[in-house]
Amino acid sequence: FKHLILEEIKKGKRFVIIVGGGKICRNYQNALSKTIKTTNTDLDWIGIYTTRLNAEFVRMSFGEIAEDEIVLDPSKLPSFTKSIIIGAGWKPGWSTDYDAVMMAEQLRARRIVNLSNIEYVYDSDPKLNPNAKKIEKSSWANFRKLLPKSWISGLNSPFDPMAAEKAESLGIEVAIINGRNIDNLKNYLDGKDFLGTIIS
């Protein structure tokens, strides 16, 4: 991933990378829930601090080409003087998907790439439904029908429903791509055919 981003920067591109909590976050949340009676706010804060540690790791891995501090408040972006800005979770009730949409709005970015562990979004859970159909392209209206009505901490959804609503209102395109397939991500960034779901 780092090598690909560095190659794209050589072409004149710049990136805002919002780092999520992933499986580590859910492991912490599950463990905490077994020790105390947790609230959504408790679980949110565990998730937020997990994203911040993950984000510091990513920021340090890029060295001097990344801004010196990770962005914790997506409504207050630093001067974009370097090639990369790294962001993390902000506050309870907000997902990193929503943070990404907020930053895109401020920077007038038209595209967000959501790196996940799935090749495509499906019309139903393929683990439960062997006849689930992959979705290569979708309107925001149709995509949002697949999502829960609201976001809660640890929600395992292809995209935060509140972030989806905001992205739709701003006319932002979101590509959901398997982050483990770096060559495929390169194809998307280079405007070539790729595996993944486009929502616009």
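The values are calculated or read from the model by the stated rules, or taken from the named source; none is laboratory data. Treat the numbers as computed from the prediction; the structure is a model and nothing was measured. Positions of Cβ are backbone-derived with ideal geometry, glycine not excepted, and every protein chain shown enters the neighbour counts. Accessible surface areas use protein heavy atoms only, side chains included; no ligands, DNA or RNA. Shrake-Rupley method; radii C 1.70, N 1.55, O 1.52, S 1.80 Å.
A few points about this structure:
- Percent antiparallel among DSSP beta bridges (both partners in the chain, rounded to 5): 25 percent
- FRET efficiency, ILE65 to GLU105 (Cβ-Cβ, R0 22 Å, nearest 0.05): 0.35
- Label-reachable residues, segment 87-103, where backbone N falls under 18 Å from a point 7 Å from GLU173's Cα toward its Cβ: 101
- Residue (of ASN187, GLY87, VAL58) at the positive-pole extreme of the chain, dipole from beta-carbon charges: ASN187
- Each label was represented as a point 7 Å from its Cα along the Cα-to-Cβ direction; for THR81 and LEU128 these points are 5.1 nm apart.
- Quarter the surface of the alpha carbon convex hull of segment 67-195 and you get the mean projected area, 8.8 square nanometres.
- Size descriptor for segment 27-70, Kirkwood hydrodynamic radius: 11.9 Å (Cα pairs only, one decimal).
- Span from the segment 106-130 Cα centroid across to the segment 29-57 one, whole angstrom: 23 Å
- In segment 48-98, the alpha-carbon atoms span a convex hull of 70 Å³ per residue.
- Taking GluC sites (Glu not before Pro) across segment 101-192, the ones in a DSSP loop with at most 12 further Cβ atoms lying within 10 angstrom of their Cβ are GLU136.
- As a fraction of the 1.4 Å probe accessible area of segment 101-152, surface on carbon and sulfur atoms comes out at 49 percent.
- For segment 1-126: rounded, prolate or oblate by the Cα gyration tensor [a/c cutoff 1.5]: prolate
- Percentage relative contact order, the chain, counting C-alpha pairs under 8 Å, at least six apart: 21 percent
- Cα gyration tensor, segment 153-200 - rounded (a/c under 1.5), prolate or oblate: oblate
- Candidate membrane-span-like segments in the chain, meaning DSSP H helices with Cα atoms spread over at least 15 Å of their own axis and a Kyte-Doolittle mean of -1.0 or above, are 22-35, 40-62, 96-107, with no membrane implied.
- Sparsely packed trypsin sites (Lys or Arg not before Pro) within segment 34-71, loop by DSSP, other Cβ within 10 Å at most 13: LYS37
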